[in-house]
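Colleague: The structure follows.
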Amino acid sequence: MIVILSGITGAGKSYLKKHIINKLNFKNIVIVTTRAKRLGEIDGIDKHFVTEEEFEKLKNEGKISVDFEFLGHKYAYYTEDLLSDQNAVTELHYSTIDEFKKVAKEVVAIYIKPNVAMAKKQLKLRCLPKAVETFRLKEIKEQIKEFENNGQLQQKFDYVISNDYTDESIDNAVKLIKNIEERRYVRT
């Protein structure tokens, strides 16, 4: 089973993912990107950082899937990670959910409903260039409106959870995934 976490910038996808990995022993599916590393990011843990040429080679060899562009950079997932039987978790932009589900074996899609003030605070902590920060802050407002007003988008998700960066948010996410896991074993 692959749990995909989706939501606006700063909603806490990475935050919850880290706790799901630690508490449930899920594998982290690391995205491949041509984006430069941010301060503190570690290649192979936070993302697989590759050049444009390496990205195209991986794509041509069929080693990556679900490729997309965002803010001028390319992103994709290693195909073998999407076909694995191991329980895993990843972050995913909602615009790629349908393509992801076509490739991955068993997917549970969770939308993280954010505390907007906290999401903005988290975004500002990233120390992004001012133009990028301004764009991303505007994007937060637009993406919240899009989710609230788009029934088709809402239907892409199996669950919606809240996150306010508390132990309760972590516990609720972990409990939900444990329950999903238990139901899977009852069915088989």
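The values are calculated or read from the model by the stated rules, or taken from the named source; none is laboratory data. Every value quoted in this text rests on a predicted model; they were computed, and no experiment measured them. Glycine gets a Cβ as well: all are built from the backbone with ideal geometry, and neighbour counts include every protein chain shown.
Residue-by-condition table, conditions (1) touching a strand residue (DSSP E or B) at 6+ places or on another chain (Cβ under 9 Å); (2) assigned to a helix (DSSP H, G or I); (3) not polar (S, T, N, Q):
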| residue | (1), (2), (3) |
| --- | --- |
| Gly10 | yes, no, yes |
| Ile45 | yes, no, yes |
| Glu54 | yes, yes, yes |
| Gly62 | no, no, yes |
| Ala76 | yes, no, yes |
| Asp81 | yes, yes, yes |
| Gln86 | yes, no, no |
| Val89 | yes, no, yes |
| Ser95 | yes, yes, no |
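Colleague: Can you name the number of the only condition in (1) farther than 18 Å from Phe70 by Cβ; (2) touching a residue at least 24 places away in the same chain (Cβ under 8 Å) that Thr166 fails?
Modeller: Here Thr166 clears every test but (2).
Results for (1) charged (D, E, K, R); (2) surrounded by fewer than 18 Cβ atoms within 10 Å (Cβ to Cβ); (3) more than 20 Å from His19 (Cα to Cα); (4) modelled with pLDDT under 75, shown as yes or no for each residue.
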| position | (1), (2), (3), (4) |
| --- | --- |
| Asn115 | no, no, no, yes |
| Ala119 | no, no, no, yes |
| Ala131 | no, yes, yes, no |
| Lys138 | yes, yes, yes, no |
| Glu142 | yes, yes, yes, no |
| Lys145 | yes, yes, yes, no |
| Glu148 | yes, yes, yes, no |
| Gln152 | no, yes, yes, no |
| Thr166 | no, yes, no, no |
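Colleague: Kindly evaluate Glu41 against the criterion of being of a type outside the set (A, V, I, L, M), in contact with a Leu (Cβ under 6 Å, 6 or more places away or on another chain) and either touching a residue at least 12 places away in the same chain (Cβ under 8 Å) or over 26 Å from Gln152 (Cα atoms) (or both).
Modeller: no
Colleague: If you go through region 78-134 one residue at a time, how many are of a type in the set (Lys, Arg) and under 15 Å from the mean Cα position of the chain (by Cα)?
Modeller: Filtering region 78-134 down to residues of a type in the set (Lys, Arg) leaves 101-102, 105, 113, 120-121, 124, 126, 130.
From what is left, the residues that are under 15 Å from the mean Cα position of the chain (by Cα) are 101, 113.
Here the count works out to 2.
Colleague: Could you please give the count of residues in region 80-90 that are surrounded by fewer than 17 Cβ atoms within 10 Å (Cβ to Cβ) and among the hydroxyl-bearing types (Ser, Thr, Tyr)?
Modeller: 1
Colleague: Does region 1-41 hold any residues that are modelled with pLDDT of 95 or more, over 28 Å from Arg183 (Cα atoms) and among the aliphatic types (A, V, I, L, M), and which are they?
Modeller: Val32
Colleague: While we're looking at this one, here's another question. Looking only at region 154-169, decide whether some residue is among the aromatic types (Phe, Trp, Tyr) and either assigned to a helix (DSSP H, G or I) or within 25 Å of Arg35 (Cα to Cα) (or both). So that I can check it myself, show each step before the final result.
Modeller: First, pick out the residues of region 154-169 that are among the aromatic types (Phe, Trp, Tyr): 157, 159, 165.
Pick out the ones that are also either assigned to a helix (DSSP H, G or I) or within 25 Å of Arg35 (Cα to Cα) (or both) and you get none.
No, region 154-169 has no match at all.
Colleague: Give the number of residues within region 12-43 that are surrounded by 11 or more Cβ atoms within 10 Å (Cβ to Cβ) and in a loop (DSSP other than H, G, I, E, B). Write out each step before concluding.
Modeller: Quick first cut of region 12-43, residues surrounded by 11 or more Cβ atoms within 10 Å (Cβ to Cβ) only: 12-24, 26-35, 37-38, 41, 43.
So of that shortlist, the ones also in a loop (DSSP other than H, G, I, E, B) come out as 12, 26, 29-31, 34-35, 37-38, 41.
Qualifying residue count, region 12-43: 10.
Colleague: Within region 67-75, is there a residue that is within 25 Å of Lys145 (Cβ to Cβ), out of contact with any Phe, Trp or Tyr (no Cβ under 9 Å at 6 or more places or on another chain), at pLDDT below 95 and buried (at least 19 other Cβ atoms within 10 Å of the Cβ)?
Modeller: Checked against the condition, which is being within 25 Å of Lys145 (Cβ to Cβ), out of contact with any Phe, Trp or Tyr (no Cβ under 9 Å at 6 or more places or on another chain), at pLDDT below 95 and buried (at least 19 other Cβ atoms within 10 Å of the Cβ), region 67-75 yields no hits at all.
Colleague: If a residue must be of a type in the set (D, E, K, R) and either within 28 Å of Ser169 (Cα to Cα) or surrounded by 15 or more Cβ atoms within 10 Å (Cβ to Cβ) (or both), how many such residues does region 44-55 contain?
Modeller: The number of residues fulfilling the criteria is 2.
Colleague: Being in a strand (DSSP E or B) and of a type outside the set (D, E, K, R) is the filter here; which residues of region 64-74 pass it?
Modeller: Quick first cut of region 64-74, residues in a strand (DSSP E or B) only: 64-70, 73-74.
Residues satisfying the conditions are Ile64, Ser65, Val66, Phe68, Phe70, His73.
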